[in-house]
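The values are calculated or read from the model by the stated rules, or taken from the named source; none is laboratory data. Note that the structure is predicted; figures quoted are calculated from it, not measured. Note that we place each Cβ from the backbone using ideal geometry, even for glycine, and neighbour counts take in every protein chain shown. For accessibility, only protein heavy atoms count, side chains too; no ligands or nucleic acids. Shrake-Rupley method; radii C 1.70, N 1.55, O 1.52, S 1.80 Å.
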Amino acid sequence: MNKLILVGNGFDLAHGLPTSYKDFLNDFWSNFENNLDSSIVKEIIQIDYSYNGYFNYANNRIESFDDLSSNLKNYCNDDGFIFDDDFFQARDKLKNIFKFKNDFFKTINLKNSIENWVDIENEYYLQLKKIVNLPKLDVSKSDEKQLTFKKEKILKLNQEFEEVKNLLIKYLREKVIQKFNVEKIATKEEFLKMYDIFKPNSSLNENVWIEKEFVNKEDQEHILKIYDKEEKENIKLCESYIVDFNYTGSTWPYFWETDGSSMMNSNLNTIHGEIDAENFKPVFGFGDEMDEDYQLIENLDDNEYLKFFKSFQYFQNTCYDGILKFIDNEKFQVCILGHSCGLSDRVMLNTIFEHENCRSIKIYYFQKENGTDNYLDVVKNISRHFKDKPSMRRKIVSKELSSPLPQNVRFKKK
């Protein structure tokens, strides 16, 4: 029995890395005034330098979008300027004081429902589907003109999504990768707690399978046969395959033995790419080809609508092939570490979860300081990837047999 470990953003957060959606946006707005001249900011925001009283209005320093919103509105109200709530735009008569040039970036700032990275990818797909399903309001327009109108909309959306993606990459490079040394652990004892999750299970080490995590008696007997063979031949037969959906390299220390040698029977797959890899560009987009509207998108016969679908971006390397080979080879248990299992990775997760070799799904859930946790939220997300619901109920390990994800592993700062 092998182990397939799915690593999401919650894993980075458990290591103290500032990689949340909130970290990203707060950093943008807290440094907004200092970065006004940067090309990447100019692409998404338009301001007039003559009107800068809102940056520190009433000594309220901007550290989040809410601070900017409050400052800007109060500044306009007190100084006789115009603030348009519908478009989040401030004007002095006809001159713009502040305006979003990137409507997608405006949307993800204004929507309170967006809390995680998967929500941004979901929002992109929602906007894309709105364009695909745009009604023909002007009957005098030909079908060709309607298609041209939609094409302009999707080109704009894709450009704006690309700008947000570039902003994210810049943030991760400067505020995470260049500030934290993911190869050096500052909390060894906490690291070892996490390390045990990554080690291949075997009768020859302290990691052994818990039989109750497998409902099927045949799987329990399969594990005992493996143990018997391991002990007779004195060789570890089980493997750990790490699929890292992050961009930070935080799983790298778990690919090595504690003595510095490469971990036996282990492999690491950075499926979403790496920040500065020339031939391994970051994958950011949507991956739900099971959605009922997907066929409509394909039928448009225009590749611009498919630009940010993950399944096509995966063809830039052999990482996806590696996952398929692993799950086809041997029975395995899935371990969820900080991955929300949202819809933006639906096709891949459905392929994994409903595969006949997937025998069990174990969730290492996030437990908050007040004692609540996200175990059931992850279970509900996982259920959306199953067409075969009885299979889902057989595979998901109960909370009683699951564990919280360790939260106090820390990397040394550079």
The range 11-169, relative contact order in percent, only Cα pairs under 8 angstrom and at least six apart counted: 22 percent
Going through the range 346-414, which GluC sites (Glu not before Pro) have at most 13 other Cβ atoms within 10 Å and a DSSP loop state? GLU356, GLU369
Once you keep just the Cα pairs under 8 angstrom separated by 6 or more residues, what percentage relative contact order results for the range 274-318? 44 percent
Rounded to two decimals, the Debye log10 I(q)/I(0) of the range 204-293 (Cα scatterers, no solvent) at q = 0.12, 0.21 Å⁻¹ is -0.62, -1.05
Kirkwood hydrodynamic radius, the chain, all distinct C-alpha pairs: what's the number in Å? 23.8 Å
With springs only between Cα atoms under 10 Å apart, run a GNM on the chain and tell me which of TYR21, TYR57, TYR320 wobbles the most. TYR57
May I have the convex hull volume per residue, in Å³, for the Cα set of the range 18-170? 133 Å³
Those aspartates and glutamates that a straight Cα-Cα span of less than 14 Å connects to LYS387, excepting residues fewer than 8 apart in one chain: ASP288, GLU289, ASP291, GLU292, GLU354, GLU356
Under Stokes-Einstein, the range 154-219 at 20 °C and 1.002 mPa s, with its Kirkwood radius over C-alpha pairs, diffuses with a coefficient in µm²/s of 129 µm²/s
Show that you can apply the helix-only estimate: for the chain, add -39,500 (n - 2.57) for every DSSP H stretch of four or more residues, divide by all residues, and state [θ] at 222 nm to the nearest 500. -12000 deg cm²/dmol
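Tell me, what is a quarter of the convex hull surface for the C-alpha atoms of the range 1-101, in nm² with one decimal?
9.4 nm²
Set the bar at 20 Å for Cα to Cα. Now go through LYS99/LYS129; LYS331/LYS380; LYS229/LYS325; LYS179/LYS307; LYS281/LYS362; LYS101/LYS165 and name every pair that lies beyond it.
Numbers: LYS99/LYS129 25 Å; LYS331/LYS380 24 Å; LYS229/LYS325 23 Å; LYS179/LYS307 32 Å; LYS281/LYS362 30 Å; LYS101/LYS165 15 Å.
LYS99/LYS129; LYS331/LYS380; LYS229/LYS325; LYS179/LYS307; LYS281/LYS362, as the Cα separations exceed 20 Å there.
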Carbon/sulfur fraction of accessible area - the range 259-397, other protein chains in place, 1.4 Å, %: 46 percent
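Quick one: putting +1 on the C-beta of Lys and Arg, -1 on the C-beta of Asp and Glu, what dipole do you get for the range 338-392 around its Cα centre, in Debye to the nearest 20? Each step should come with its number before you reach the end.
Values: 8 positive and 7 negative charges, 25 e Å.
It works out to roughly 120 debye.
Between rounded, prolate and oblate, where does the range 297-381 land on the alpha carbon gyration tensor, with a ≥ b ≥ c its root eigenvalues, rounded for a/c under 1.5, else prolate if a/b exceeds b/c? Walk me through the numbers before you get to the answer.
Values: a/c = 2.60, a/b = 1.45, b/c = 1.80.
In terms of gyration-tensor shape, oblate.
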At a 1.4 Å probe, what is the % contribution of carbon and sulfur to the accessible area of the range 1-85? 38 percent
Per residue accessible area of the chain, 1.4 Å probe, in Å²: 50 Å²
Ranking ASN370, GLN313, ASN350 by how far each Cα lies towards the positive end of the charge dipole of the range 298-377 (+1 on Lys and Arg Cβ, -1 on Asp and Glu Cβ), the top one is ASN370
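Give, rounded to the nearest 20 debye, the magnitude of the charge dipole that the range 275-411 has about its Cα centre when Lys and Arg contribute +1 at Cβ and Asp and Glu contribute -1 at Cβ. Before the final figure, lay out each step's value.
Details: 18 positive and 22 negative charges, 189 e Å.
The calculated dipole for the range 275-411 is roughly 900 debye.
Grab the eigenvalues of the alpha-carbon gyration tensor for the range 255-345, scale each by 5, take roots, and send me the semi-axes largest first in whole angstrom. Mind showing how you got there, number by number?
Working: eigenvalues 184, 55, 30 Å².
The equivalent ellipsoid of the range 255-345 has semi-axes of 30, 17, 12 Å.
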Before anything else, pin down the relative contact order of the chain: Cα pairs under 8 Å, at least 6 apart, normalised by residue count, whole percent. 24 percent
